[in-house]
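K.L.:
So that we are looking at the same thing, I have put the structure below in structure tokens.
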Amino acid sequence: MTAVGALDGVRVLDFASVGPAARASRILSDYGAEVIKLGPVPSRQAAQIVPPHYAYSGHRLMKRALLDLKSDDGRAAFVALVKGADVVLESFRPGTVDRLGIGYDDVRAVNEGIIYCSTSGFGQNGPRRDWAGHDINYLGLSGYLDCSGRRADGSPPLPGATVADIAAGGMHAVMAIMAALLRRPKTRVGEYLDVSIADGAFGLMSLYADEFLATGTEPGPGHYILTGRYACYDVYACGDGRFLSIGAIEPQFWHNLCVQLGLQRYIDHQTDDDRQDEIRAAISAVLATKTREQWAEQLGPTDCCVASVNTVAEAVDDEQYAARGLVVDADHAGEGRFRQTGAVWAGTTRPDGAYRLRDAAVTDTAELLAGAGYDDTSISELIARGAVA
């Protein structure tokens with residue numbers, strides 16, 4: 001266990017309840033940052049999505065404050081909190097924070113060192129800046145879906161994970177924030193970060209985009225080794241109906257696979273385009289003779305680049321992940337004990353024992369405002385007026 005979190009002492013004010021920004025604050029918290037989740041005061045006019053108690057790791061180790069940003073008192077409370085913050089993370093539609101009076105220029109006026117990160121689907125400028133979108137839309141725009149094989153009707157399949165939200169959005173934001181934190185001691189000022197999920201998805205496609213830009217050859221399903229051109233990189237059914245992933249790209253791994261499957265006749269034909277259907281059929285016929293686990297146990301240790309295609313239920317109990325400590329216990333105040341994904345990123349801190357998760361209705365507003373200089377009477381008056389909760 002790492003004794004000191006890499007981001008210990010960094011305070012993050014996070015307006016996101018779900019989506020890429022919430023994934024970003026989850027990662028920042030796992031690296032030791034103090035994350036304060038900001039939300040609206042409950043009312044008919046101000047609603048915020050409340051994720052299930054287990055989502056985003058139950059917002060473990062985070063604090064929570066509720067503010068009415070449409071009121072002068074609520075905005076003043078935010079300003080008080082932001083004076084002691086290092087990062088503001090928001091995912092409103094472009095222009096919203098400026099209309100509320102809590103945009104970058106407003107915040108920078110009271111905290112010159114603030115790192116202000118806006119996450120949005122298409123960024124703060126461009127013809128689509130005001131469009132609504134979700135993971136599938138950003139993957140579609142970037143070319144990701146078009147390179148992802150085809151269903152029976154010719155359409156691309158749905159990805160098995162929210163790749164854009166997690167990597168193109170959440171991890172994109174975390175990298176930008178960490179870089180800004182490293183830069184700030186040199187510049188002595190903060191900065192504004194415009195994190196576009198669509199931009200991040202385009203970056204995920206850089207291998208293929210660069211090929212097209214340099215050669216004019218348009219990638220797509222079946223064009224390249226990673227998109228299904230060759231039998232050595234594919235998914236196959238085994239005798240029990242479960243699936244095995246094979247990634248024997250390098251010639252030595254392909255050689256080992258052919259030997260293990262008794263298909264030595266194909267060793268020298270790995271990239272012969274006119275024989276790929278034949279090779280796939282031969283591999284499929286051999287793999288149909290044993291179960292997935294039998295093949296995984298035989299092929300895995302022999303440098304063939306194989307792995308089981310796990311269900312989520314199988315993945316969370318996989319012996320590899322168990323050995324790495326990726327699944328941990330959590331105790332929720334209302335829901336009791338359950339398991340959840342731990343701090344999986346390299347260099348993050350991990351707890352001794354179970355995480356303690358609070359009910360979403362519990363807030364730290366009074367404590368945080370007291371730390372920002374409000375006295376007890378002022379805090380009670382703000383609560384009574386509905387400016388904070």
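K.L.:
Identify all residues within the range 96-124 that are loosely packed, with under 13 Cβ neighbours inside 10 Å and either without any contact (Cβ under 8 Å) to a residue 24 or more places away in the chain or at positive phi (or both); write none if there are none.
P.N.:
If the condition is that a residue be loosely packed, with under 13 Cβ neighbours inside 10 Å and either without any contact (Cβ under 8 Å) to a residue 24 or more places away in the chain or at positive phi (or both), then 99, 105, 109 are the ones that fit.
K.L.:
Filter the range 197-237 down to residues that are in contact with a Leu (Cβ under 7 Å, 6 or more places away or on another chain) and under 24 Å from residue 141 (Cβ atoms) and give me whichever is surrounded by the fewest Cβ atoms within 10 Å (Cβ to Cβ).
P.N.:
Among those residues, the one meeting the criterion is 198.
K.L.:
Please go through the range 227-237 and give me each residue that is hydroxyl-bearing (Ser, Thr, Tyr) and part of a loop (DSSP other than H, G, I, E, B), ordered by number.
P.N.:
230
K.L.:
State all residues of the range 1-38 that are part of a loop (DSSP other than H, G, I, E, B), farther than 20 Å from residue 94 by Cβ and hydrophobic (A, V, I, L, M, F, W, C); if no residue qualifies, say none. Can you show your working first?
P.N.:
Of all residues in the range 1-38, those part of a loop (DSSP other than H, G, I, E, B) come to 1-10, 15-18, 31-33.
Filter once more, keeping what is farther than 20 Å from residue 94 by Cβ: 1-10, 31-33.
Passing the criteria: 1, 3, 4, 6, 7, 10, 33.
K.L.:
Among the candidates 240, 194, single out the residue that is surrounded by fewer than 19 Cβ atoms within 10 Å (Cβ to Cβ) and either touching a Pro at 6+ places or on another chain (Cβ under 8 Å) or closer than 25 Å to residue 144 by Cβ (or both).
P.N.:
194
K.L.:
If only one of 360, 366 is assigned to a loop (DSSP other than H, G, I, E, B), among the small types (Gly, Ala, Ser), out of contact with any Cys (no Cβ under 7 Å at 6 or more places or on another chain) and surrounded by 17 or more Cβ atoms within 10 Å (Cβ to Cβ), which one is it?
P.N.:
None of the other options fit; the residue is 360.
K.L.:
Of the conditions (1) touching a helix residue (DSSP H, G or I) at 6+ places or on another chain (Cβ under 7 Å); (2) part of a loop (DSSP other than H, G, I, E, B), residue 279 satisfies every one except a single condition; which number is it?
P.N.:
(2)
K.L.:
If residue 343 satisfies all but one of (1) modelled with pLDDT of 95 or more; (2) touching a Ser or Thr at 6+ places or on another chain (Cβ under 8 Å); (3) surrounded by 15 or more Cβ atoms within 10 Å (Cβ to Cβ), what's the number of the condition it fails?
P.N.:
The failed condition is (1).
K.L.:
Take the conditions closer than 24 Å to residue 304 by Cβ, acidic (Asp, Glu) and without any contact (Cβ under 8 Å) to a residue 40 or more places away in the chain and apply them to residue 240. Does it pass?
P.N.:
Judged against the criteria, residue 240 is not a match.
K.L.:
Kindly establish whether residue 279 is under 30 Å from residue 302 (Cα atoms), modelled with pLDDT of 95 or more, β-branched (Val, Ile, Thr) and touching a Cys at 6+ places or on another chain (Cβ under 9 Å).
P.N.:
Criteria met by residue 279.
K.L.:
When both residues are 6+ apart or on different chains and their Cβ atoms are under 8 Å apart, which pairs have a first residue that lies in the range 189-208 and is closer than 9 Å to residue 173 by Cα, and a second that is of a type in the set (Lys, Arg)?
P.N.:
Partner pairs satisfying both residue conditions: none exist.
K.L.:
Among the residues of the range 138-156, which ones are surrounded by 14 or more Cβ atoms within 10 Å (Cβ to Cβ) and either charged (D, E, K, R) or not assigned by TED's automatic domain parsing to the domain that holds residue 19 (or both)?
P.N.:
146, 150
K.L.:
Sticking with this one: Restricting attention to the range 196-226, report how many residues are part of a loop (DSSP other than H, G, I, E, B) and of a type in the set (D, E, K, R).
P.N.:
1
K.L.:
If I go through the range 306-343 residue by residue, how many of them are under 30 Å from residue 241 (Cβ atoms) and without any contact (Cβ under 8 Å) to a residue 40 or more places away in the chain?
P.N.:
Residues in the range 306-343 being under 30 Å from residue 241 (Cβ atoms) and without any contact (Cβ under 8 Å) to a residue 40 or more places away in the chain: 18 in total.
K.L.:
Restricting the search to the range 243-268, which residues are buried (at least 17 other Cβ atoms within 10 Å of the Cβ) and over 18 Å from residue 296 (Cα atoms)?
P.N.:
Within the range 243-268, 266 is the sole residue that qualifies.
The values are calculated or read from the model by the stated rules, or taken from the named source; none is laboratory data. Just so it is clear, the structure is predicted and the values come from calculations on it, not from any experiment. Counting neighbours? That spans all protein chains shown, and the Cβs are built from the backbone with ideal geometry, glycine included.
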